[in-house]
Amino acid sequence: MDDKDGIIADFQAITGIDNAGEALMHLSNFNWDLLAAVQHVTPKHTQHLPSEGRSTELSAPAVTVADDFMNMIASTSKHRLITIEIEQNGRIIAILTLSDSSTIGVDDLKTLLYGKSSIPCCLQKFSGWPNNQHPSNKDTLSKLNLPDRFKLNLNTGDEDLNQELNGRANLRMFTLNITMEATTSSDYQVYKLSFSSDQTVAQVKEVVANLTKLPISNQQWLGWPHFVTPATTLEESHINYPVHDFKLKPSNSILKHTRRRYNTRLNQSVVDMETSDSPMPSSSTSSSSTSSSSSEEDPFEDAAESLSGIDDDDDDVDTMFMDTELPTRIRPLIAEDTEDELAGVIQFIDEFQNRYGDMRPQFFLGTLDQAIKIACFKPAKDKRLLAVYLHHDRSVLSNVFCTQLLCFESVVQYLNTNFLVWGWDMTHPSNRNRILQSAALSLGAMAEITLRAIDINRLPALVLFTRNRSNTEILSVINGDCNISELLSSLINAQEMFAMQQQVEIKEEGERNMREMIKVEQDEAYQQSLAIDRAKEETRRVQEMEEKAIRSQIESQERQVAAEKEAIRQRIVASLPAEPEPGDQVAKIRFRLPLGKFLERRFMASDNLQVLFDYLYINGFSQEEFKVISSWPRRDLTTLGVTQTMKELNLYPQETLTLEER
């Protein structure tokens with residue numbers, strides 16, 4: 001295994017493939033031939049030997065073979081010489097002369113050809129050996145009884161490689177998530193491996209065996225469909241694409257657990273069955289039971305033999321599988337042509353109890369679809385395995401299975417504790433068709449095909465269902481031709497595999513619920529932030545409306561004031577006397593405005609001060625906003641009486657007045 005680990009490391013370093021499972025797959029396909037595997041996965045134009053440089057030219061590298069090797073190959077001191085013509089594509093590319101020595105082999109021939117033609121040894125495939133032989137690289141020439149001169153055809157494998165690569169280009173790649181149960185010698189691990197669709201179940205298990213150091217014979221899998229065989233390809237297995245989940249555990253742990261947990265109960269059961277008037281034990285059974293009571297080395301397996309009631313003799317087993325007529329005195333568990341499935345289940349439970357007594361599994365009172373929802377469509381911590389019991393009165397195994405196995409106290413307790421049990425009678429064809437239709441509707445086509453494929457001679461059967469992620473799958477089918485230990489071991493195995501799966505689902509569901517809770521909290525925070533933003537927006541909108549209303553009111557007031565001012569101005573303009581011509585009794589007054597400009601107008605000396613104010617008003621300078629200051633003596637005319645005349649105010653014959661803002 002250390003050598004293989006080194007080969008895997010070299011393969012990954014050369015090819016750059018990080019996935020250990022994919023590397024294992026390629027190496028297994030080429031029987032751990034590193035050069036062949038590298039040649040397969042690496043594009044031809046990028047392949048270089050470690051001693052070759054990364055030249056931009058595509059010419060073949062110069063190859064030399066050591067002189068001592070050439071001398072050894074061509075030595076003629078003790079052995080005859082063999083001349084071999086190497087032909088490729090109808091052309092002789094090399095003529096090699098080798099010694100017929102016990103130390104010279106086919107691999108030496110390839111090395112010599114490599115020195116002459118630069119064709120890598122891993123690509124050399126010879127055909128046309130004399131006597132229709134097919135030697136390996138390790139075979140010596142002396143063992144082949146070769147003539148002195150002959151011809152070999154060389155095939156470098158390029159065409160086959162191209163065909164294989166073209167074929168693989170059309171293959172689908174499956175990603176297998178394999179959960180490995182923790183044991184006393186290893187930790188819990190999850191492997192993510194990639195396989196092409198043409199890989200078989202056996203090849204997958206071999207890769208896993210090399211990766212986990214767990215032999216195929218000790219591998220217990222959960223996740224393969226019931227009908228697969230070692231030769232079934234992944235494409236034919238109908239597993240989920242592109243990703244499928246598996247559970248894996250060592251088989252010996254199941255056996256040890258089964259022995260430890262049920263050893264005492266089974267030994268006691270052996271004693272009870274030996275003392276009872278049971279039709280099952282034969283002479284061989286009695287013998288094994290006796291050895292069970294007297295030997296403590298392996299009481300579990302001895303108890304299993306004593307409880308089996310059936311030897312391993314194929315002839316005896318074949319005689320049991322007989323299609324006998326249903327005795328008329330036995331009432332069927334479900335009447336023929338029962339139209340309502342629920343009514344059939346009620347009748348099945350009542351008749352089963354009447355026939356086999358109170359020590360029986362607690363069958364679920366409801367339809368198959370309801371049983372699936374109760375068992376499988378629950379939170380991960382509340383899920384249970386669904387055990388569908390299929391009965392058939394025309395099978396000789398039915399009475400033995402029900403009385404000695406299904407209604408055995410340990411089996412009943414284990415089923416009632418860990419499983420949801422649902423029963424149906426398939427004796428009549430109409431009832432068989434009904435359960436197949438229900439299975440197709442509730443479980444899918446694969447479940448219906450599996451149930452239909454169960455042979456009548458292997459009924460009754462317990463079909464165990466579980467829900468893995470979004471698929472309801474058949475976990476196991478326990479046929480009626482088993483013994484008590486096999487039945488209990490199968491049930492415990494299924495329950496432990498389900499418990500592994502359940503723990504993973506509980507963890508995933510917890511993480512999913514945590515993500516949902518975080519998402520809900522984020523949504524709530526977002527909604528709160530959104531509400532705050534909306535409140536701010538509403539406040540801003542109300543404030544803008546209020547400001548707009550105020551501005552509108554101010555503008556209205558300003559327009560009203562302006563209108564009033566304009567009305568006053570128009571009235572003043574109408575009442576203002578016309579400007580007199582220059583002459584006697586005419587005062588010339590100059591106004592200095594705030595921005596340095598000037599106004600000038602003539603007034604009658606007899607005009608009073610109000611006429612001057614009116615003139616300033618119609619030019620935009622009202623008494624309320626501006627002072628009118630005389631230069632000498634300095635005084636504000638707006639504080640004087642408006643009835644005084646220009647002459648009385650010494651504004652005649654001329655004067656300069658200054659306007660100042662109040």
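Quick notes on this structure:
- Residue within the range 562-574 that is loosely packed, with under 10 Cβ neighbours inside 10 Å and more than 60 Å from the chain's Cα centre (by Cα) present: yes
- Top-ranked residue of the range 381-394 - restricted to ones that are open to solvent by 10 Å² or more (accessible area, probe 1.4 Å) and over 30 Å from the mean Cα position of the chain (by Cα), ranked as farthest from Q413 (Cα to Cα): R394
- Matching residues in the range 423-446 - criterion: being among the small types (G, A, S) and in contact with a strand residue (DSSP E or B) (Cβ under 6 Å, 6 or more places away or on another chain): G423
- The set of residues in the range 86-114 being assigned to a helix (DSSP H, G or I), touching a strand residue (DSSP E or B) at 6+ places or on another chain (Cβ under 9 Å) and either acidic (D, E) or loosely packed, with under 13 Cβ neighbours inside 10 Å (or both) consists of D108 alone.
- Where L475 falls short, out of the listed (1) in the same structural domain as V396 (by the TED database); (2) under 28 Å from the mean Cα position of the chain (by Cα); (3) among the aliphatic types (A, V, I, L, M); (4) surrounded by fewer than 19 Cβ atoms within 10 Å (Cβ to Cβ): (4)
- Number of the condition not met by D350 [criteria: (1) open to solvent by less than 70 Å² (accessible area, probe 1.4 Å); (2) over 40 Å from the mean Cα position of the chain (by Cα)]: (1)
- Residues in the range 2-22 that are more than 16 Å from K213 (Cα to Cα) and in a helix (DSSP H, G or I) were compared, and the one that is nearest to the chain's Cα centre (by Cα) is E22.
- Lone unmet requirement of (1) among the acidic types (D, E); (2) modelled with pLDDT under 90; (3) in contact with a Phe, Trp or Tyr (Cβ under 8 Å, 6 or more places away or on another chain) for D425: (2)
- Scanning the range 492-549 for residues that are over 30 Å from I478 (Cβ atoms) and open to solvent by less than 40 Å² (accessible area, probe 1.4 Å) yields one hit, G510.
- Single residue of A499, A440 found to be over 20 Å from W221 (Cβ atoms), free of Cβ contacts under 8 Å to residues at least 12 places away in the same chain and not polar (S, T, N, Q): A440
- Residue, farthest from R662 (Cα to Cα), within the range 620-640, restricted to residues that are aromatic (F, W, Y) and either surrounded by 15 or more Cβ atoms within 10 Å (Cβ to Cβ) or in contact (Cβ under 8 Å) with a residue 12 or more places away in the chain (or both): F621
Yes/no matrix, rows are residues, columns are (1) open to solvent by less than 30 Å² (accessible area, probe 1.4 Å); (2) over 51 Å from the mean Cα position of the chain (by Cα):
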{"site": "T83", "(1), (2)": "yes, yes"}
{"site": "K116", "(1), (2)": "no, yes"}
{"site": "S127", "(1), (2)": "no, no"}
{"site": "T140", "(1), (2)": "yes, yes"}
{"site": "N145", "(1), (2)": "no, yes"}
{"site": "L152", "(1), (2)": "yes, yes"}
{"site": "T156", "(1), (2)": "yes, no"}
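- Residue count for the range 602-634 under the criterion of being in a loop (DSSP other than H, G, I, E, B), under 21 Å from P582 (Cβ atoms) and in contact with a helix residue (DSSP H, G or I) (Cβ under 9 Å, 6 or more places away or on another chain): the result is 0.
- Residue in the range 641-650 that is within 21 Å of R569 (Cα to Cα), surrounded by fewer than 16 Cβ atoms within 10 Å (Cβ to Cβ) and among the aliphatic types (A, V, I, L, M) present: yes
- Helices (runs of 4 or more DSSP H) lying entirely in the range 158-251 (those with 1 or more residues that are of a type in the set (D, E), over 26 Å from E486 (Cβ atoms) and at pLDDT 80 or above): 201-212, 234-237
The values are calculated or read from the model by the stated rules, or taken from the named source; none is laboratory data. From a predicted model like this one, the values you see are computed outputs, not experimental measurements. As a convention, Cβ positions derive from the backbone with ideal geometry for all residues, glycine included, and neighbour counts pool all protein chains shown. Surface areas here come from the heavy atoms of the whole protein model, side chains and all, with no ligands, DNA or RNA. Shrake-Rupley method; radii C 1.70, N 1.55, O 1.52, S 1.80 Å.
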